[in-house]
Amino acid sequence: MDEKLKEKLTDKNKWIRGLYMLLFTLIYKIAEILVTAVAAFQFVASLFTGKTNEHLMTFGQRLSIFIYQIMQFLTFNSEEKPYPFSPWPQSLPKVKKKRSSGERA
């Protein structure tokens, strides 16, 4: 086996990241169920009260941001591990806009 390939396959940091990815995949599945529950409860609450629950809206927004952070980590767009290794999201993430190839500076 090629030495460089062997070195890459035995890189401890890559395997640790892989374990974190498995963990966050499981957390994502739980968050997916929570989103469904929040949406259903919000719908039922709005049917009976005629308005949306502000606390549930805030939680839903933060949960959505958390899911976004998980997806960013899982797709290697971020090395920052989401909650519980980072603070729970409080606001919308700052997204760096990329200029299109035809756009001038």
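Laid out as a table, the results:
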{"quantity": "Lone qualifier among Y68, Y20, Y28 - being in contact with a Pro (Cβ under 8 Å, 6 or more places away or on another chain) and not hydrophobic (A, V, I, L, M, F, W, C)", "calculated": "Y68"}
{"quantity": "Selected residue [exposed (fewer than 10 other Cβ atoms within 10 Å of the Cβ), out of contact with any Asp or Glu (no Cβ under 7 Å at 6 or more places or on another chain) and of a type in the set (V, I, T)] from I67, I30, I16", "calculated": "I30"}
{"quantity": "Spans of helices (runs of 4 or more DSSP H) in the range 1-94 with at least 3 residues within 12 Å of the chain's Cα centre (by Cα)", "calculated": "12-49, 54-74"}
{"quantity": "Candidates L47, L5, L56, L23, filtered to the one that is surrounded by 11 or more Cβ atoms within 10 Å (Cβ to Cβ) and more than 15 Å from K81 (Cβ to Cβ)", "calculated": "L56"}
{"quantity": "Every residue from the range 13-49 that is among the aliphatic types (A, V, I, L, M) and touching a residue at least 40 places away in the same chain (Cβ under 8 Å)", "calculated": "M21, I27"}
{"quantity": "Members of the range 1-51 that are among the hydroxyl-bearing types (S, T, Y) and modelled with pLDDT of 90 or more", "calculated": "Y20, T25, Y28, T36, S46, T49"}
{"quantity": "Which listed residue, of T58, T52, is in contact with a Ser or Thr (Cβ under 6 Å, 6 or more places away or on another chain), under 21 Å from S91 (Cβ atoms) and without any contact (Cβ under 8 Å) to a residue 40 or more places away in the chain", "calculated": "T52"}
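The values are calculated or read from the model by the stated rules, or taken from the named source; none is laboratory data. Values in this document were obtained by computation on a predicted structure and should not be read as measured data. Neighbour counts are summed over all protein chains in view; Cβ atoms, including those assigned to glycine, are modelled from backbone coordinates with ideal geometry.
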